[in-house]
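First up is the structure itself, then whatever we jot down about it.
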Amino acid sequence: MDLFCAAELAELCHRARELIWSEPIFLKLEAPICVMGDIHGQFDDLLAMLDMNGWPLSSQEFEALKDITVRSRETGKRPQSEPHSTQPESSNDVKPPVAAPKSVNKEVTTGYKRYLFLGDYVDRGPFSMEVVILLTALKLAYPDRIYLLRGNHESRSVNTSYGFYREVNYRYDAQLYECFQNMFNVFPFCAVINNTIMCMHGGISEHLTSFNQFSVFKRPLEIPDVGVLTDLTWADPDPTEKGYKPSARGASFVFGPPALRAFLKKLDLQMVIRGHQVVEDGYEFFDGRRLVTIFSAPNYCGQNDNTAAVFSIDKKLKISINVFRPESRDKKRGFEKERKAKK
Amino acid sequence: MLQIEKIVSNKGNGDIIKEIISHNVDEDITELSLIRHRIQKIWQFENTPGIRDLSLRWNLLKKIDHFQCLTSLTRLNLNDNQIEKLENLETLVNLVFLDVSYNRITKIEGLSELINLEELHLVHNKIITIEGLETNTAMKYLEFGDNRIQKMENLSHLVNLERLFLGANQIRKIEGLDGMAQLKELSLPGNALQIIEGLDTLSGLKSISLAQNGIRKIDGLSGLTNLKSLDLNDNIIEKLENVEQFKGISSLMIRKNKLNCWQDVRQLKKLENLTVLTMEMNPLYSSDYTYRNRVKEILPDVKLLDGFPIFWVQGDPYQPIPEEFYEVFDNLHVK
C-alpha cells in the first residue's frame, strides 16, 4: 500500500506544472541560495543532505506541518486544500528581528535555506518518485525557496530505459508516468545567480550568445536532439579540448577551457556551476574556478566511492561547500563498534 | 551472526580496502534488509534458517552463493549488484519473488526448481534470449526491460502470466504469445516494432503499450476484446483507422504521431467508454485553446486530455479540483 493514490500524485504534477511553467525557462535568481546537483533517486541521501545543510522550512513551519500530518492521520481524511487559495507569501514566515546590542549589523536570518537543484532527480536510484514528490511539493508550498532545473534524465527517451518509467509503472500506472513527464516538459533549463554565476545541468553551448535567445523556446517541450537546450542538459567539459567537439555520450558536445572563457566573456559571467558527471569529492573545478561540477548522489550506483556536495552561496557570492560522505553513517549503525571491539 | 565482507574504501585507482565483520542478528528473524552496505560477500546464513524475505539491494555481490540453506525464503532481492550468473538457487523451492535487476546477467538459467516463482525482475541486464523458464508456470509477472532481447519466444507455456514487460529491447516482431488469454498487461515501449500483429488470441488483455516504436498503421487489435488502455505514443501513425477494433477502451494515448486530420478524430466517437485521451504533439495541434475546445466539442465524454482534466485552467496552480478527477484515475488501474 503506497502512501499516496495515483490521483493525488497526478494532482501534484498538474499543480506543480502550472507553477513552474509560470516561471521563465531561464531563471534569474538572487543570492543567498544553495545549489545541489544530481540526486538520481537516492532519496535517503537527499534527506540526509537537507538535514545537514538546512531545509527550506523554518522550525515553526516544520512544527505546523507535523501538526497537519498528525491531524489528518487521526481523522483519516485528506487535508483539503483551500479552493482558489492564494500563493503562500514567504515574508510572513520571516521571524521578526530581535534587537541585540552586539548584533546591530548582523543579518536577519530567515530560518530556512533556499535551493536550486540542477536536475537528474530520477533514474538509477531506488526512490525516484519520492525525490520528485518531495521537491515538487516543497516547490508548491514555497515557490521562491525551491527551483528545479531540468536534467537529461527528465526526458522520456532517457527515463524509459533507466528506471523511472519502470518504477512508476510498477507502483502505479502508465498514465501517472505521463503526468510526471508533462511536468518535466515545462522545467527551466538554466539559472543565473546575481547576473554572475550561471547554473545548468549539462554544460555551455556554442550557440548561446545572448540570454534573449530563450524567448524563442515554447514549452512544453521535449529535450531536442541538437541545439542549445541539448547542450544545457548534455554537454561536458574536457580539459584536453580547445573548442567544441562531439561528445562520446552520443549527444551534444564536449568543450575546452578556451571555449568556456569565450562563453563567459560573451555573456558577461564569472562562473558556471553544473552537474551531469560523477566527481569523486562531490565537486571538481575546471579551468581554474571558472567552472565547477557538483554531484549530490553519494556512492552513485553503489559502485562509485564518491562524496556528495552541496554549495551554499551567500549574499556576497561567497561559496562554501558542504560535503556528505555516507560512509560515516555506517559507523552509526554499529560497524564502528565492531571495529573497536576487535582492537 | 552473519559474516560480511564489505568494501570500506575504493579510490578508483585499484586501492581497495576491504573488511570482514560479524553482523549480529537474532537467529529467529524472518526478514533481513541490508540495502546499501557495500557487501561483496555474505555467508553463514545457517544461523538464521527462518528468513523468508531477504533484501541485499544495492551492494557489490558478484556471485549468488551461500543462500542455499534458506529453504523458507519466499522473497529475494538482489537488485543493483554485480552478478553475472543465475546459479545456486535450486534449493529455494519456496521462492515467490526474485529481483535480479541491474546486474550483468547474460542468460536465464538455474530457475527450473523454482516452481512457485510468481514474479521475476531482470531489468537492465545483458540478456539476449528468453529461455530457461520451462517449469516456471506459476509465473504471473515477468519484467525484462532494458536488455538485448530480439525475439519473443518460449513464453506461451506460461499459462498464469498476467503482466509482461519487454520495454527498451530490440524486438522487431510481436510473436510467441499464442493462447495467452490470461495476459492482462503487455508493455513493449522503446523497441523496433513497425507492425501491430501477433495479438489475436490475447482476449484477456486490458493494457498494451507500444510507445516509442516505428508503427505506421493501427491494425491487428481486433482480438483484444477486453482492452481498456492503448498506448501508441511516439510512433509515426498518420491516420486514425480501424477504431472498431478497440471500441471498448477507456484510455487512448497517441501523442507525437503524424495525425493531421480533425475528421479522423470524429471516429473516436465510436469509443463509448473513452475518458482519457492523449493526442498532443501531432500536426493537428495548432494552439492549445483551439485544440482543447475542438476535442471538448467532438468528444464531450473525455475527462482527461493530454494528462490534464478537461476543465483545467492553465496558469493557476492552486485551482480547485472536483471529486470526479480522482474517480477517473481509480478506473485506470489495471492491477
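The values are calculated or read from the model by the stated rules, or taken from the named source; none is laboratory data. The model shown is predicted, which means the values in this text are computed figures rather than measured ones. For neighbour counting, all protein chains shown are included, and Cβ atoms are generated from backbone atoms with ideal geometry for every residue, glycine included. The area values use the complete protein model at the heavy-atom level, side chains included, leaving out ligands, DNA and RNA. Shrake-Rupley method; radii C 1.70, N 1.55, O 1.52, S 1.80 Å.
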In peptide A:302-313, how many Cβ atoms from other protein chains are near each Cβ within 10 Å, on average?
3
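Can you give the local net charge around A:Glu30? Use residues other than it whose beta-carbon is closer than 11 angstrom to its beta-carbon, Lys and Arg +1, Asp and Glu -1.
On the way: positive: A:Lys28, A:Arg114, A:Lys315; negative: A:Asp144.
Every neighbour counted, the sum reads +2.
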Restricted to the stretch B:1-149, the DSSP antiparallel beta bridge percent, nearest 5, is 45
Calculated log₁₀ intensity ratio I(q)/I(0) where the Debye formula runs over C-alpha points of chain B, q = 0.07, 0.14 Å⁻¹
-0.39, -1.06
Descending principal axes extents, the stretch B:232-335, alpha-carbon based, whole Å:
37, 34, 24
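Give the ranking of A:His207, B:His124, A:His201 by solvent-accessible surface, highest area first, calculated with a 1.4 Å probe.
Working: A:His207 105, B:His124 55, A:His201 0 Å².
Highest to lowest solvent-accessible surface, that is A:His207, B:His124, A:His201.
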Given a Förster distance of 25 Å, report the FRET efficiency between A:Asp268 and A:Glu222 from their Cβ-Cβ distance, rounded to the nearest 0.05.
0.25
Please arrange A:Arg274, B:Arg57, A:Arg71 by accessible surface area, largest first, computed with a 1.4 Å probe and ligands excluded.
A:Arg71, B:Arg57, A:Arg274
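If you count the DSSP beta bridges with both ends in the stretch B:194-334, what percent of them are antiparallel, to the nearest 5? Don't skip to the end; give the middle numbers.
On the way: 2 of 13 bridges.
That works out to approximately 15 percent antiparallel.
Would you mind telling me the antiparallel percentage of the DSSP bridges in chain B, rounded to 5?
On the way: 14 of 49 bridges.
If we restrict to bridges inside chain B, about 30 percent are antiparallel.
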Once the Cβ-Cβ distance between B:Trp43 and B:Lys126 is put in as r, and R0 is 25 Å, what FRET efficiency do you end up with, to the nearest 0.05?
0.40
Given the options B:Asn154, B:Asn79, B:Asn136, which has the most mean-square fluctuation in a GNM of chain B, springs set between C-alpha atoms less than 10 angstrom apart?
B:Asn154
Considering Cα pairs under 8 angstrom that are at least six residues apart, work out the relative contact order of the stretch B:194-334 and quote it in whole percent.
17
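Cβ under 15 Å from A:Arg261's Cβ, A:Arg261 left aside: what net charge do those residues give with Lys, Arg +1 and Asp, Glu -1? Could the numbers behind the result be given before it?
Details: positive: A:Lys242, A:Lys265, A:Lys266, A:Arg289, A:Arg290; negative: A:Glu206, A:Asp238, A:Glu241, A:Asp268, A:Asp287.
Residues near A:Arg261 contribute 0 overall.
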Leaving ligands, DNA and RNA out of it, rank B:Arg163, B:Arg216 by accessible area with a 1.4 Å probe, largest first.
B:Arg216, B:Arg163
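Just counting partner chain Cβ atoms within 10 Å, what average do the residues of peptide A:12-21 show around their Cβ? Could the numbers behind the result be given before it?
Working: counts 0, 2, 8, 5, 1, 5, 9, 4, 1, 3.
Other-chain Cβ atoms within 10 Å of each residue's Cβ, averaged: 4.
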For chain B, modelled as a Gaussian network with Cα springs under 10 Å, which listed residue fluctuates most, B:Gln194, B:Gln319, B:Gln150?
B:Gln319
Sparse-neighbour loop sites [GluC sites (Glu not before Pro); the stretch B:274-335; at most 16 other C-beta within 10 Å; DSSP]
B:Glu323
